[in-house]
Each structure stands twice: as structure tokens, then as C-alpha cells.
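Written out below as C-alpha cells is the structure these notes cover.
The values are calculated or read from the model by the stated rules, or taken from the named source; none is laboratory data. If you're wondering where the values come from, they're calculated on a predicted model, not measured in any experiment. Virtual Cβ from ideal backbone geometry, glycine too; neighbours counted across all protein chains shown.
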Amino acid sequence: MTDVHEPPTTVAPLLSVESLRVVVTGTGNDVVDEVSFAVRAGEVMGLVGESGSGKTTVALALMGHTRRGLTIDSGKVLLAGDDILVGKTDLRELRGASVSYVAQDPVSALNPALKVGTQLREIFDAHPDVRPPEGGVDGRIADVLADVRLDSVERVLDSYPHQLSGGQQQRVMLGMAFACRPKLIILDEPTTGLDVTTQRHILETIRTLCGRYQVGAVYVSHDLAVVADIASTIGIMYAGRLIEHGSVAAAFRAPAHPYTRGLLRAIPDPSRAHVLEGMEGQPPRPGSRPRGCSFAPRCSFSQPACLEGFPLPVAIGAEHWARCLRAEEITVLPPLGELPERDHSGKREGTAPLLEVKSLDAQYGEKPVLHDVSLDVRPHRCLAVVGESGAGKTTFARCLVGLHSRWTGEMAFGGESLSNDRRKRSREQIRRMQYVFQNPYTSLNPRKTVGQLVEQPLRELLDINGAQRRERVVTALEEAALNAGYADRYPDQLSGGERQRVAIARALVVEPELLICDEVTSALDVSVQAAIVELLHRLQVTRGLTLVLITHNLALVRSIADDVVILRDGLVVEQGQTVLDNPQSEYAVQLMADVPTLSVAAHG
Amino acid sequence: MSSRREWLVILKRALRTPRGYIGLTVAGLVVLLAIVGPWLAPHNPTLTVTETFGTPGGGNGLLGGDVLGRDVFSRVLAGGRTLLGMAAAATVLGVGLGVWLGVTAAYLGKWRDGLIMRVVDVFLAFPQIVFALLLVSVAGSHAWLVILAVGISHAPQVARVVRAAALDVCERDFVKAVELYDTPSFRVIAGEVLPNILSVVMVELGLRFTYSILIIASMAFLGFGVTPPAANWGLMINENRIGLVVNPWAVIVPAGLIAVLTVGLNTFTDAVARASLGVDRPAEEAALTTPVQLGLE
């Protein structure tokens, strides 16, 4: 399903970035350094990295822009041969006309108070020199909207942004970006937050338009699978530097940098349930980067020479290079080689369902969210509840734990009926069923230490003394792969992955039987996600914990779940053990087909 | 930045800005004068020692004499402590009451929120000074009553601000997480909500202190809360305005001190507010934490 466009090799690059360096104003610490790459007309280059890697900083620098507090220190950004960073360039002229930008979130990028048509026309008021001749503006706008495949042009132009769906809004943003027929377009995670089906359509549109108008594109994303789908070349960023660059096929089939290899091994594959391999540690922050290779401290291939200086690019093949001393050895290793299939034996099996849900109907305000949901959660197994945004999966999880009480139907936990109202549930029922929130940046009180946070449920739910509590806090932290030393730290001293481990430890500390995890990895980077998924799987096997995993990520489900329930618009579409292998409903088949994959790497 | 003591971090950050240290220095000097003043007064502030409205210099002391021939300089030194003490007490009372009302309303929500806030709205309809005067004129002119009146008149405004801040905190996941353990409301409020609105409370304290000084001085001007012949800056302005032409210093100095104190305090509070919002954050921190907000430029 992924087709890789071979770039035309003879054309001079449209965009050429040379030794770009962006620093923090004042301190001079580099946020981005030594970044060089080129993009040809009609080509899509993927710029990939985890949060904080500097990918967005590079993307903004391509328009001569930096976020507040940052300065472009040195380097060149050549657009069709002209350096846009040199003073004479009129950036106002450039932006929107020659280089355009599509932001991640169309809701905040579109003006909510102006109709879409007005906002589209504004572009030509800002760029009179590229305005189509008199009377041509409306024609151009119609063309542009047709290009981005928005039907009923009149209605869209006459709508306010909030009257359009997320996918339509992003299409409007794309239309705006292509309106002036720019030479280069920068896309900053344009499909994050969209459903997989919408995402696939948007990606197709981008690819078609770039080809048709010979526009070069830089596609910034944290999602390797999406980049594999759309881009022909890829640059991988780590700690502010480009560490590998090459064609998508080359970089994914034969990654030459251990970080790229690590990313590929951390990503779940929707077609195969393999064990995920997380990366330990976290990238160094600007200002505290080591003299040598910044990945060396986390790298299993590192050797003493790695600590001496930042490696120069090592060419592997035509236009494929990596900044690693051992690139030539690493590139010949099969990237996913020895990752074993997930072994589901060894799990305990129970017969009677631990949690039974019968004809659950739930409302949010006046709006029905769930309709006639019935399912069983079998003990010691992992049930994944899958659905796109708005399918009602979070409401479902919240009904289970009692955060959402407007539901009717029956719920029985270990044979006992569960009340709608959390306050009417017994302490024992509360203890046995724990919930982990989606976002570890908001689920931990920033004013409490890790020790205090993990102790909270013990104080409220069990009658044990201080010493016993402390002992159990340490045990829980260790089970979540954190050592006792974390107890005195505050959440803001922890990385996202560590925070989520604290949240999991807080759930484990009361020794629950059922753990409900609501999108627990969606706020985390893939390498961290892999480690959390492995942690959950280990807990399931070693403690016989039952898991209910709420997620939109089908690949993740494939990797860890035993049973799957697919929700759509509040209805159960399909459920069972073999939903992903052998989807029966049209919707499930479609979903599986739309998930972007790294199949280039796996089946290369 | 660590979150151990957020209020300390914010104070320190505020003090690093010119607004912060100038404001605190100015206000601090006046407060210091008010506190140690009574011990430094060269004359008994309530006894006649010079001629009525005596001009400064000579036998009339540094700032001359007042309406009854008392030493203005001594009365200035002696007249701040009670004023500031009363203002501080009223502030603590008012902010404490307001925080309690605001947080309770925000956390409990629904009809209790409605009830508390509608009552608050009724009180908000009265101008503060009118409300305080009403209370004092009905119940008598005691210092404690002035404190109570001013404190109560602050509470509705504090409650509004605090409720808005607390509503945001109450919606956060960490509050829901603790609610899941069936934690009693007061523990959720004290452990989860309050520590996260401390910066708002700090700003309110500064702001309401300024207002308290102004209101209590105004009430003293009108003769409430002080018993002549006790010295009080507010009262001094009233007593001596008839002699403004002869010895203006008896009015200018106490009025000036109140003005300088309130301006200094306000400046400092402003610095604290900015620090807690992150307006004056160091560039690096700003760059690494502010999300990109860039549309089509």
C-alpha cells in the first residue's frame, strides 16, 4: 500500500539547507545544529524526530522564522538558489507566496470569526503580485478547493471554520497553502489528530498536488509510518541534529544509525504482533549535549570513539548517509531481525468474566454517546477497545470507573453489580479496578512528590500504617520500573515516560485486579510508548492483571491485545479475538486498510 | 524550575525584575517607617508641644505643628502602625474568606456554586467603602469592626477571581484521579486545588492589601476606626486640611506616604502577577515551553 516515488535525480534542488544552526537567544545554546539537506521540486521529504528533537524549529527556519527566544545563528536556506536568511529577502513576500505552511492544528490556525471564503481571499490581498488577473480570484479559489477535494465549494466558502469537520478544515488549510502556487510547502504534522481514514485521504491529496504543481514539500512528523507513506526521502533528527538522511526505502530497509534502527524496532506493526523494543534514557537537552555523539549514552553500539566528537556523515549509498561511526556495520543488520512474535502463552486463564457489561447506554449532556454496548472482560487478558475520535471509547472507560455516571444498563464486576455513582461503590470495588489517565502531564499534581502521589490511593482506600504504606510505594515504583529514589522527585523533574510509569505505579499500589488504561501512550514518543506497552504486558503476565486498553492505535492493539472490541459512533461494530486478523465488518476492513504501516521496512 | 515552593519561586522571579525590586523597596521603606516609627517619635504624638499649625523649622519640629499644636513629625511616625496593622488584618480576613468561598464554589459546583456566587454577586453590587461604612455606622466605630467590615467587603471580589482560577484546576485530571479514590471533598480542595492556585492568592493578597490601606485610611479620614487623639495618617489628613495654607506638610506627608505605599505595593504585586503568568520568563524557558502559534503570516 505504500508506494515510494523515485525522485528525479538530475534536477537541481529546489530547497537546499546548509549547516543550519538555531540557538537560544542570550545563552547561545544550540537547539538545532549542522542541519543540511536538499529537497527537489515535486518531492516530499519527511523530517522525523521525537518531541524536542528540533524538527519544528528546522521547519520554521525554512521560512526565516523562529519561535520567541530563538535566533537563527548561522547557515543558509537556499530557495531556488536564493538565501532567504540574507537581509534583502522580504519575508512577508516570501511567506505564503513562495513558501507556505500548514500547521498541525487547523482549529487554531483558522480565524474562527471569519468565513472560509474571506480567509482564502485574504491570501491574495496579502500577495497582490501573485494574485490572478481581475476576476480570476474566485476561479482560483474554486480550483484550489477542487484540488484539495472539497465538494460543495459554495457551502464551504460560506462556512465558518467550526462548521467544518477536522478533515475539511485541514483541507482548507492545504488549499490556502497551495493557493499562491508556492515553490515549497511545509507541513507540520498536518494529520495528527485526524482519523486514519481522513489521514490517508489527506496524505494522498498532498502527494498528488506536490506532483501536479511540482512543489517541494517538507513533511514534519513524529510518525514514521505516515512518513513512509507520503515521503520519498527522509531526514531523521535527534537532539537538534540530522542523524540520518536517505530515501525512505533505503533508510527503513537498511537503517544505518542506531537511533533510526531503534525507532523502527519500537513501532508496533498492524500486520504482525511482535515484541516492541523501547529505548532507555532520554535525549540531552539543549545546553547539556555531550561533546561526542549525542545518542551515544543510549546506544547499544557505542564505543569509546563515539564520545570524542560528533560523527561526520558516513555515506552508505547514493544519497543515503548517517552520522554514526559504525554506520556501515549497522546498515547491513536486518532492522527487525530478531524481534520475536509476542508470546501469549504463560498467561493465566480464567473462565468467568471479571467484568460484564450489558446493554450500556451513555449520554453526554443530552447527546447519546454509547448505545447498547455489551462486552465481557475475561480475567488475566488484555481487552482493547478501539475506535476513532468520537467513537465513545473514553466515555466507555469513564463509565467503568465511575467518572461518568449518566448511563443505563448493567455492569457487574466479579459478580457484584456496579453502581453508576462512584460514591456508592464500596472501597473494595474501587480498589480492585484502577484507572490510568491518558496524559501524564495533567494526571499528576505538580505540587506533590512521586512518593506522595503513589501513596494517595493507599491513604484513601486501605487502612495500613505509614511504614507499610512506604513499603508498598517502593514496591509499586519498582514494579513500574522506577527505583525508590524517584519517591522524592516532583513530576516536573520527570520525562513523559517516567510520569506515565508513576501513574501506573499509583494504580498498581493498591493491587488491583483490573487496570483500565485510557490512551496511556498517546502523549508519549514511540520509543517511550514501546517501553510502556512492554511494562503493561509484563504486569499482565507476572501479576495476572486484567487490562482494558482504550486506544485509537490499531498497530498497538495488534502488539498487545488478546481480545478486541471496535467501537464506532457509540456502537460495537465487531468484537472477538480475531478481529484484526480476519475483520468481518466493512468498517473494520476499511480501518485495517487505512492504517499507515512501515511495510517498506518489514517486507523490504 | 522546581515546584517545591511555587510561591517562593515566583517571589524570587518577581524580585529579579525592576518592577519587583523597586516596588518592594519603596513599599518596604514605608512599612518599615510605620513599624519602627512609634519608637522613634521625638515627642508624644498626642500632646501639644508647639503652636497650632506651626511652620516647620525652629521650635516647631521638622514638619511643624498640627491643628492642636502637636508635633507633625512625631504623629507621622506614630500614625502608620495601626493603619497598616488594621489593613493587614482586614486583608488576611478578606482573602481567607474569599479563597474559601471561591474554591468551595468551584469545586462543589452545581447548585452550591450557584448559591455561593449569587450571594457574592449581591455583595459585589455595593461599593466596598459604602458597604464598610454601612456596617460601621450601624454597629459602631470600633477598630475590630472596621477590620471586619473591610475584610468582608473584600471577600466577594477575591471569591470571583479565585473561583475562576480554581475552576480550571478542578477540571484537571489529577483532581479526578484523586476523586476516584473516594477522597473527601475538603482533602481534595486542600491537597490538590489550593496548592495549584497559590500564585493567584498571592496576587490577591498584594492587591487587597493596597485596597485595604486606602479604604481604612479613607475611613479614618471620616473618623471611623480611630479614636482621636490617636495618630493615624488618614485622620491626620482630615484634621489638618483646614490649615493647608499655613502648614501643608501636615497633610502632604501622610497623604504622600499612603500614596507611595500603595503605588509601591501595586508595582510589586504587578511584578508577582507577571512572574506567575510567565510574562517575564527567561528567553530560553519561553522558547522551550511555548507552543508554536503560527498561522499563515
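Tabulated data
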read-out: Close pairs from the range A:284-300: first part of a helix (DSSP H, G or I), partner modelled with pLDDT of 85 or more, Cβ under 6 Å, at least 6 apart; value: A:Ala296/A:Ser302; A:Ala296/A:Cys306; A:Ala296/A:Leu307
read-out: Helices (runs of 4 or more DSSP H) contained entirely in the range A:37-117, each with at least 2 residues that are buried (at least 16 other Cβ atoms within 10 Å of the Cβ), more than 11 Å from every other protein chain (Cβ to nearest Cβ) and under 26 Å from the mean Cα position of the chain (by Cα); value: A:55-61
read-out: Residue match in the range A:310-325 (condition: in a loop (DSSP other than H, G, I, E, B), among the basic types (Lys, Arg) and under 29 Å from the mean Cα position of the chain (by Cα)); value: yes
read-out: Given (1) in a loop (DSSP other than H, G, I, E, B); (2) surrounded by 15 or more Cβ atoms within 10 Å (Cβ to Cβ); (3) assigned by TED's automatic domain parsing to the domain that holds A:Ala296, number of the condition A:Pro379 does not satisfy; value: (3)
read-out: All positions within the range B:170-200 that are more than 8 Å from chain A (Cβ to nearest Cβ), not in a helix (DSSP H, G or I) and not β-branched (Val, Ile, Thr); value: B:Glu171, B:Pro184
read-out: Qualifying residue in the range A:573-590 (condition: closer than 30 Å to A:Ile234 by Cβ, out of contact with any Lys or Arg (no Cβ under 7 Å at 6 or more places or on another chain) and in contact (Cβ under 8 Å) with a residue 24 or more places away in the chain); value: yes
read-out: When residues of the range A:217-244 are limited to those that are under 17 Å from the mean Cα position of the chain (by Cα) and hydroxyl-bearing (Ser, Thr, Tyr), the one farthest from A:Cys299 (Cα to Cα); value: A:Tyr219
read-out: Only one of A:Val172, A:Val137, A:Val153 that is surrounded by fewer than 19 Cβ atoms within 10 Å (Cβ to Cβ), under 30 Å from A:Ile84 (Cβ atoms) and among the hydrophobic types (A, V, I, L, M, F, W, C); value: A:Val137
read-out: Residues satisfying the stated conditions in the range A:22-36, i.e. more than 9 Å from chain B (Cβ to nearest Cβ) and not hydrophobic (A, V, I, L, M, F, W, C); value: A:Gly28, A:Asp30, A:Asp33, A:Glu34, A:Ser36
read-out: Residue in the range A:590-603 that is closer than 30 Å to A:Arg431 by Cα, at pLDDT below 90, out of contact with any helix residue (DSSP H, G or I) (no Cβ under 6 Å at 6 or more places or on another chain) and part of a loop (DSSP other than H, G, I, E, B) present; value: no
read-out: Output for the range A:391-416, where each listed residue is among the aliphatic types (A, V, I, L, M) and either within 10 Å of another protein chain (Cβ to nearest Cβ) or over 25 Å from B:Glu192 (Cα atoms) (or both); value: A:Ala391, A:Val401, A:Leu403, A:Met411, A:Ala412
read-out: Any chance B:Ala149 is touching a helix residue (DSSP H, G or I) at 6+ places or on another chain (Cβ under 6 Å), assigned to a helix (DSSP H, G or I) and either among the charged types (D, E, K, R) or at pLDDT 90 or above (or both); value: no
read-out: The listed residue being out of contact with any Leu (no Cβ under 7 Å at 6 or more places or on another chain) and at pLDDT 80 or above, out of A:Glu341, A:Glu349, A:Glu319; value: A:Glu319
